[in-house]
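Here's the structure we're looking at; comments come further down.
What follows draws every value from the coordinates through simple rules; no lab data is involved. These figures come from a predicted structure and were not determined experimentally. With ideal geometry, Cβ positions are generated from the backbone for all residues, glycine too; neighbour counts draw on all protein chains shown.
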Amino acid sequence: MLRTVHATRYVLPLREGGSLPAIVEADDLGLYVVKFRGAGQGVLALIAEIIAGEIGRSLGLRVPEIVFAELDASLGRNEPDYEIRQLLKASTGLNVALDYLPGSVMFDPAARDAAPSDEASLIVWFDAFTQNVDRTAKNANLLLWHRRLYPIDHGAALFFHHDWDAMPARIESPFAAIEQHILLPWASQIPQASALAHAKLTPDVLAGAIADVPDAWLESIPGGLSAADRRAGYLNFFTRRLAAAHIFEQEATDAHARLV
C-alpha cells in the first residue's frame, strides 16, 4: 500500500512536461515531486504513474518512492501565479507524488553518461512491457543520483487505457517506439532481463500494483465500468502481454542489433 502524506508548502514549480509538476513539502518534512490530478493530462497519467512505477519497483528498478499527496484547498490561496493557483484548486484531495532526489541530474549520453548493460536491458524491457513512449534522448525521464539510475515519470505509459476498445490489439504490440529508447545502445541482455521479469512479475505482483489505484480514479475512466472491472481489465492486459513478451523482446533485440 502506498503511504499518504499531506502537502504543507508549495516550494517550486517544475515547468517541464504537460503535467506541470512541482516540488512540495509534506507533513513528514520530506520533499516530493507532485503530479497534480487537475493538470491537463488528468487522472490517467496518475494511474499510469502508480501502476508502471510499482511494476518497475517489483522488477528491482530504483523508482523513487511513490506516495499519495493530499492537498488542502488552502494550499494555493496565497500563490501569486494564477495558473498555479488554479492548478492547486483543481487538485484538492489526492494526488501522486514521488520522493524528491536532491542533486540528481538527467541521464545524458552527450555528457558521456553510460549505463550497465544488465540494468539498461531491464529498463528497456520494462518500458516495452508497459508501452512507455517517454524515455528518449529528447526526454530521458531517467535520473542519475549518486551515480545510479532512477527511472521517473511514467505518466505516458499504458497508453492503451486512453482507448479501452483498442486494448486487445495493443496486447501483442511489438512496440516499435523502443528503437528511440535512450538506453537501447546498452541493452545487450534482453534475454536475461526477460528471464528476471518473468520470475518476478507474478499475477499477485501485478495485481498488487493495480490495487494501489484509488477506486474513484478507476471509476472516473469513461465507459461506466466499476473499479473492480477496471482492475480486472488492467490485470488481463498485463498477464496477456507478459505471455506475449517474446514479440516485443524480439523487437528490442533487433533494434539494439541495428545500433551495434
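Side notes on the structure shown:
- Within a Gaussian network of the chain (alpha carbon springs, distance under 10 Å), most fluctuating of 140, 169, 22: 169
- Degrees separating the helix 245-259 axis from the principal Cα axis of the chain, which is the longest one: 80 degrees
- Listed by chain and number, the lysines whose C-alpha is less than 21 Å from the C-alpha of residue 89, apart from same-chain residues fewer than 8 away, are 35.
- Under a model in which nothing but the beta-carbon of Lys, Arg (+1) and Asp, Glu (-1) is charged, the chain shows a dipole of about 200 debye around its Cα centre.
- Gain upon complete extension [residue 200, residue 133; 0.36 nm per residue less C-alpha separation]: 21.8 nm
- Local electrostatic count at residue 150 - Lys and Arg +1, Asp and Glu -1, tallied over other residues with Cβ under 10 Å: +1
- Antiparallel bridges, percent of DSSP beta bridges restricted to the chain (to nearest 5): 90 percent
- Value of [θ]222 nm, deg cm²/dmol, for the chain, DSSP H segments ≥ 4, -39500 (n - 2.57) each, nearest 500: -12000 deg cm²/dmol
- Rg/Rg_globular for region 4-99, with Rg_globular taken as 2.2 N^0.38 Å and Rg from C-alpha atoms: 1.03
- Each eigenvalue of the Cα gyration tensor of region 118-253, multiplied by 5 and square-rooted, gives one semi-axis; in descending order these are 26, 17, 15 Å.
- Positive contributions from Lys and Arg (+1) and negative ones from Asp and Glu (-1), summed over other residues with Cβ under 15 Å from the Cβ of residue 229, come out at -1.
- Most fluctuating residue given options 118, 163, 229, as computed from a GNM of the chain linking Cα atoms under 10 Å: 163
- Among 78, 141, 236: highest mean-square fluctuation, GNM of the chain, C-alpha pairs under 10 Å: 78
- Estimated Rh, the chain: Kirkwood, alpha-carbon pairs, angstrom: 18.9 Å
- Centroid-to-centroid separation of region 27-80 and region 212-226 [C-alpha atoms, Å]: 18 Å
- Along the chain, the exposed loop sites are trypsin sites (Lys or Arg not before Pro) outside DSSP states H, G, I, E and B with at most 14 other Cβ atoms within 10 Å, and the longest stretch free of them is 148-260.
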